[in-house]
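Working notes, beginning with the structure itself.
The values are calculated or read from the model by the stated rules, or taken from the named source; none is laboratory data. If you're wondering where the values come from, they're calculated on a predicted model, not measured in any experiment. Heads up, the Cβs are rebuilt from the backbone with ideal geometry, glycines too, and the neighbour counts pull from every protein chain shown.
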Amino acid sequence: MLWCWNRWRQSLGLALARVAGIVIGLLIATVDWLNDTLGLLVMGLQALPSICWLPLALLWFGLSEKAIVFVVIMGAVLSIAQATADGVRNTPPIYMHAARNLGARGIRLYTSVVLPSALPSIVTGMKLGCGHPMGPLTLCDFIGLDVLYAVCDSLYEEFKRDEYAPPPLMKRMVASGRLGRKSGRGFYDYG
């Protein structure tokens with residue numbers, strides 16, 4: 001039950017961080033005075049590890065769930081905001097000109113052109129904000145799906161708990177020879 005509650009807190013914090021990070025990043029990228037003030041603050045504070053926010057969270061929220069969610073949010077929101085701002089700034093101007101010529105203005109311009117163009121940067125910021133710089137599936141491919149399957153299987157055999165059982169997808173992938181980076185194919189193709 002504790003594991004489920006921790007996942008809920010992490011999911012809530014990361015969802016709030018994603019929304020806030022994208023909004024802050026959009027504002028930093030489009031409003032010059034915000035870029036000159038808040039942009040520099042975001043860039044400076046992004047270097048702090050998440051745990052550095054804990055004393056401030058304890059002072060503001062006490063020893064509560066809010067403090068933990070705050071630490072999760074602050075650990076992720078700055079990376080997401082910085083990556084979103086970079087992605088928006090790197091949107092090719094020709095895309096913006098073409099969209100304006102076709103009648104896109106205001107929110108439509110951002111939802112149809114800017115955000116899709118910035119999406120790879122936003123996803124990178126989300127991965128960094130979650131503490132998974134390479135992503136969990138890439139990490140599985142690097143370790144090897146056969147190795148992970150063997151570890152899960154031996155843990156399940158030892159403890160007979162369902163959460164240790166190897167996932168059926170992993171079993172199918174190992175059986176079909178998709179072992180990860182070493183075989184050239186896993187969750188991703190390395191060819």
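Points to keep in mind about this one:
- Here Gly191 meets the list (1) surrounded by fewer than 16 Cβ atoms within 10 Å (Cβ to Cβ); (2) at pLDDT 85 or above; (3) assigned to a loop (DSSP other than H, G, I, E, B); (4) on the phi < 0 side of the Ramachandran plot almost entirely, failing just condition (2).
- Some residue of the stretch 92-107 being of a type in the set (S, T, N, Q) and touching a helix residue (DSSP H, G or I) at 6+ places or on another chain (Cβ under 6 Å): no
- Unique residue being part of a loop (DSSP other than H, G, I, E, B), assigned by TED's automatic domain parsing to the domain that holds Pro120 and within 20 Å of Leu119 (Cα to Cα) when the list is Thr84, Thr91: Thr91
- Members of the stretch 104-118 that are at pLDDT 90 or above and not aliphatic (A, V, I, L, M): Pro116, Ser117
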